């Protein structure tokens, strides 16, 4: 129940500071663009947009949220509350997961297309990974400029191989150990069931690892706050 209340609070925070409005503006732009792209090309572009949405928004918006919380001293209250670090990280990640899934579904259905189960798994795995990476960087930075600079390598590392895979520039099954390629493989279903299961496993491992290191970074951030520690 505590985690559910935290998730509800994070979603309210996103709405209060207008991040849902920004999501809505991106959706409108995407749908207008997809309206003029027909057939398989339209489906291809739609899935690229669904993949890039958590990268473009979840990653950077997470930093904006955490830095805003720092400036408002919200984390000082969390540091002396019974909330655990794991609950703090999970709440942030799930809130952005809900937003990312909602945007992906709206983009797909709004453009007259659909997302199947592997698509949703790829979107969910990518959204969780990007948002937790954003949280990790935000916990270790102190300004928006510093955050943006530090997230660029993360963005390049995760996204570039994924886009190369989508465009057929890389095709070896060994690339499925990379999270961006694993997510893109689920979205485009380029390989058989074994490769898809491998992609799901790869995303699970990556998300578990990033959750662990992000929890460590969040614990350090909260312990360094004045007024208490977890």
Restricting the search to segment 153-201, which residues are without any contact (Cβ under 8 Å) to a residue 40 or more places away in the chain, under 26 Å from residue 60 (Cα atoms) and either under 16 Å from the mean Cα position of the chain (by Cα) or not in a helix (DSSP H, G or I) (or both)?
153, 156, 157, 160, 167, 178, 181
Restricting attention to segment 71-84, does a residue exist that is modelled with pLDDT of 80 or more and more than 25 Å from residue 152 (Cα to Cα)?
yes
Suppose the filter is assigned to a helix (DSSP H, G or I) and closer than 29 Å to residue 12 by Cα; does residue 150 pass it?
yes
Name the residue, out of 34, 4, that is surrounded by 17 or more Cβ atoms within 10 Å (Cβ to Cβ), part of a helix (DSSP H, G or I) and over 14 Å from the mean Cα position of the chain (by Cα).
34
Taking segment 13-24, which residues are more than 18 Å from the chain's Cα centre (by Cα) and either at pLDDT 85 or above or assigned to a helix (DSSP H, G or I) (or both)?
16
Which of the residues that make up segment 212-227 are out of contact with any helix residue (DSSP H, G or I) (no Cβ under 6 Å at 6 or more places or on another chain) and either modelled with pLDDT of 90 or more or closer than 18 Å to residue 72 by Cα (or both)?
212, 213, 216, 223, 224, 226
Out of 94, 83, which single residue is touching a residue at least 24 places away in the same chain (Cβ under 8 Å), surrounded by 15 or more Cβ atoms within 10 Å (Cβ to Cβ), on the phi < 0 side of the Ramachandran plot and in a helix (DSSP H, G or I)?
94
Criterion violated by residue 99 - all others in (1) modelled with pLDDT under 90; (2) in contact with a helix residue (DSSP H, G or I) (Cβ under 9 Å, 6 or more places away or on another chain); (3) within 30 Å of residue 9 (Cβ to Cβ); (4) surrounded by fewer than 20 Cβ atoms within 10 Å (Cβ to Cβ) satisfied
(4)
Here are some conditions: (1) modelled with pLDDT under 90; (2) part of a helix (DSSP H, G or I); (3) closer than 25 Å to residue 212 by Cα. Residue 125 meets all but one. Which one does it not meet?
(1)
Restricting the first residue to segment 126-150 and requiring it to be touching a residue at least 40 places away in the same chain (Cβ under 8 Å), which pairs with a second residue that is surrounded by fewer than 21 Cβ atoms within 10 Å (Cβ to Cβ) and not in a helix (DSSP H, G or I) meet a Cβ separation below 6 Å and a spacing of at least six or different chains?
147/141
May I ask you to verify whether residue 110 is buried (at least 18 other Cβ atoms within 10 Å of the Cβ) and either out of contact with any strand residue (DSSP E or B) (no Cβ under 6 Å at 6 or more places or on another chain) or more than 30 Å from residue 193 (Cβ to Cβ) (or both)?
no
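The values are calculated or read from the model by the stated rules, or taken from the named source; none is laboratory data. This is a predicted model, so every value here is computed, not measured. No Cβ is skipped: glycine too gets one built from the backbone with ideal geometry, and neighbour counts run over all protein chains shown.
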